[in-house]
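*Asks:* Here's a structure for you.
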Amino acid sequence: MTTAVDLFAGAGGFTLAAESAGVRVLWAANHWPAAVEVHASNHAGVEHACQDLHQTRWETVPAHDLLLASPCCQGHSRARGKERPGSDVSRSTAWAVVSCVEYHRPRAVIVENVPEFLSWVLFPAWSAAMNALGYSLAPHVIDAADCGVPQHRERLFIVATRSASPLDLGRPSLEHQPVAGILDFDAGQWSPVETPRRSPATLRRVAAGRARFGARFVMPYYGSGSGLTGRALTRPLGTVTTRDRWALVDGDRMRMLRVDEYRAAMAFPAGYHLPATRHEAIHMLGNAVSPPHAAWVIRRLLEAA
């Protein structure tokens with residue numbers, strides 16, 4: 001059986017993806033204790049480490065065939081901005097991948113990040129380091145919706161193989177799933193759209209959404225994602241982020257999406273354990289890898305290997 005380790009494992013999306021593809025994950029690590037606790041509670045058979053991966057002694061990590069890694073993306077993402085405090089530290093987490101590869105030389109590596117990772121000023125140097133270790137890199141920008149996830153979520157998957165040329169996996173083309181399929185109009189804490197505390201910007205988005213979609217639709221409660229009108233329930237949800245930003249409008253009432261709806265939008269199993277607090281659960285999901293998204297990449301890699 002193919003074996004793997006999961007760096008920056010977070011909530012466990014990459015591990016779920018690997019397991020669904022028949023890969024045994026031996027070891028998973030993250031620097032955030034809450035994420036390690038969640039991962040361990042869902043994947044009891046995996047060895048766990050809570051540590052700064054820059055400080056990892058790689059000889060203590062099990063040998064493996066496939067390295068899975070999701071270095072911190074916030075320093076690259078347009079949503080957060082590249083010049084926020086800590087961005088340099090965030091972007092530097094990608095070098096832990098090189099350190100692990102240098103020691104273990106797995107047959108293949110899959111690195112997940114935001115597409116802006118390719119524009120990182122040090123990406124040429126990072127790529128050169130991977131090339132020097134004998135790996136050809138094949139970047140794939142894939143939308144989770146094309147993998148059957150009820151969410152538009154473009155992510156970069158760099159497939160690194162010990163081959164003479166990069167391995168092109170093609171592109172998925174599964175039918176898009178509507179956000180309507182994950183919503184429960186009989187649940188949640190609803191409030192009237194028209195309240196004295198509702199901001200004018202929110203009311204303008206509601207009015208624009210009603211004019212375009214009718215009584216029921218989803219919209220960004222904060223920011224300007226999906227324009228100013230939100231989106232129809234027949235489409236996948238917009239990108240789930242670490243911020244609780246998606247609202248559901250139903251006639252004269254509205255509410256924020258529930259944690260279980262965000263979990264479904266990320267295509268995690270219904271019974272998957274998450275933090276008890278709403279803020280931590282949504283933050284963890286927004287940082288996660290959607291399992292079917294990554295599973296498509298892993299399966300295609302195994303088929304091509």
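The values are calculated or read from the model by the stated rules, or taken from the named source; none is laboratory data. Please read all numbers here as calculations on a predicted model, not as lab measurements. In this analysis, Cβ positions are derived from the backbone assuming ideal geometry, glycine residues included, and neighbour counts consider all displayed protein chains. The area values use the complete protein model at the heavy-atom level, side chains included, leaving out ligands, DNA and RNA. Shrake-Rupley method; radii C 1.70, N 1.55, O 1.52, S 1.80 Å.
*Asks:* Give ARG212, ARG245, ARG263, ARG258 a once-over and let me know the one that is open to solvent by 30 Å² or more (accessible area, probe 1.4 Å) and more than 29 Å from ALA17 (Cα to Cα).
*Replies:* ARG212
The rows are residues; the columns are (1) in contact with a helix residue (DSSP H, G or I) (Cβ under 6 Å, 6 or more places away or on another chain); (2) basic (Lys, Arg); (3) crowded, with 23+ Cβ neighbours inside 10 Å.
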residue: ASP250; (1), (2), (3): no, no, no
residue: ARG253; (1), (2), (3): no, yes, no
residue: ALA267; (1), (2), (3): yes, no, yes
residue: HIS279; (1), (2), (3): no, no, no
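*Asks:* Okay, next question. Hey, any hits in the stretch 284-296 for a residue that's open to solvent by less than 40 Å² (accessible area, probe 1.4 Å) and free of Cβ contacts under 8 Å to residues at least 40 places away in the same chain?
*Replies:* no
*Asks:* Please specify each residue of the stretch 80-108 satisfying the condition of being open to solvent by 90 Å² or more (accessible area, probe 1.4 Å), at pLDDT below 55 and touching a Gly at 6+ places or on another chain (Cβ under 9 Å).
*Replies:* ARG84, VAL89
*Asks:* Checking ALA187 against (1) surrounded by 15 or more Cβ atoms within 10 Å (Cβ to Cβ); (2) in contact (Cβ under 8 Å) with a residue 60 or more places away in the chain; (3) of a type outside the set (Phe, Trp, Tyr), only one condition comes out false. Which one?
*Replies:* Answer for ALA187: the failing condition is (1).
*Asks:* Here's a follow-up. Working carefully through the options ARG243, ARG255, find the one that is of a type outside the set (Ser, Thr, Tyr), touching a Gly at 6+ places or on another chain (Cβ under 9 Å) and at pLDDT below 95.
*Replies:* Going through ARG243, ARG255 in turn, the sole match is ARG243.
*Asks:* Kindly evaluate CYS50 against the criterion of being closer than 22 Å to VAL101 by Cα, modelled with pLDDT under 95, surrounded by 15 or more Cβ atoms within 10 Å (Cβ to Cβ) and not acidic (Asp, Glu).
*Replies:* Criteria not met by CYS50.
*Asks:* Tell me which of these ALA9 doesn't satisfy, since it passes every other one: (1) among the hydrophobic types (A, V, I, L, M, F, W, C); (2) part of a loop (DSSP other than H, G, I, E, B); (3) out of contact with any strand residue (DSSP E or B) (no Cβ under 6 Å at 6 or more places or on another chain); (4) modelled with pLDDT of 95 or more.
*Replies:* Going through the list (1) among the hydrophobic types (A, V, I, L, M, F, W, C); (2) part of a loop (DSSP other than H, G, I, E, B); (3) out of contact with any strand residue (DSSP E or B) (no Cβ under 6 Å at 6 or more places or on another chain); (4) modelled with pLDDT of 95 or more, ALA9 breaks only (3).
*Asks:* Considering each of ALA129, ALA164, ALA144, ALA160 in turn, give the residue that is in contact with a Ser or Thr (Cβ under 8 Å, 6 or more places away or on another chain), farther than 12 Å from ALA108 by Cα and open to solvent by less than 50 Å² (accessible area, probe 1.4 Å).
*Replies:* None of the others qualify; the one that does is ALA144.
*Asks:* Condition check: under 20 Å from the mean Cα position of the chain (by Cα) and either among the hydrophobic types (A, V, I, L, M, F, W, C) or more than 20 Å from GLY286 (Cβ to Cβ) (or both). Does LEU237 satisfy that?
*Replies:* Answer is yes for this residue.
*Asks:* Considering the stretch 25-47 alone, what residues qualify as being β-branched (Val, Ile, Thr) and either in a helix (DSSP H, G or I) or at pLDDT below 95 (or both)?
*Replies:* If the condition is that a residue be β-branched (Val, Ile, Thr) and either in a helix (DSSP H, G or I) or at pLDDT below 95 (or both), then VAL36, VAL38 are the ones that fit.
*Asks:* Hey, can you tell me all the residues within the stretch 147-157 that are surrounded by fewer than 22 Cβ atoms within 10 Å (Cβ to Cβ) and assigned to a strand (DSSP E or B)?
*Replies:* GLU154, LEU156
*Asks:* Within the bounds of the stretch 197-209, is there any residue that is of a type in the set (A, V, I, L, M, F, W, C), surrounded by fewer than 17 Cβ atoms within 10 Å (Cβ to Cβ) and part of a loop (DSSP other than H, G, I, E, B)?
*Replies:* Looking for residues that are of a type in the set (A, V, I, L, M, F, W, C), surrounded by fewer than 17 Cβ atoms within 10 Å (Cβ to Cβ) and part of a loop (DSSP other than H, G, I, E, B), one finds none in the stretch 197-209, hence no.
*Asks:* Follow-up. Tell me, yes or no, whether the stretch 226-240 has at least one residue that is surrounded by fewer than 16 Cβ atoms within 10 Å (Cβ to Cβ) and without any contact (Cβ under 8 Å) to a residue 24 or more places away in the chain.
*Replies:* yes
*Asks:* Among residues belonging to the stretch 12-24 that are in a helix (DSSP H, G or I) and not hydroxyl-bearing (Ser, Thr, Tyr), point out the one that is surrounded by the fewest Cβ atoms within 10 Å (Cβ to Cβ).
*Replies:* GLU19
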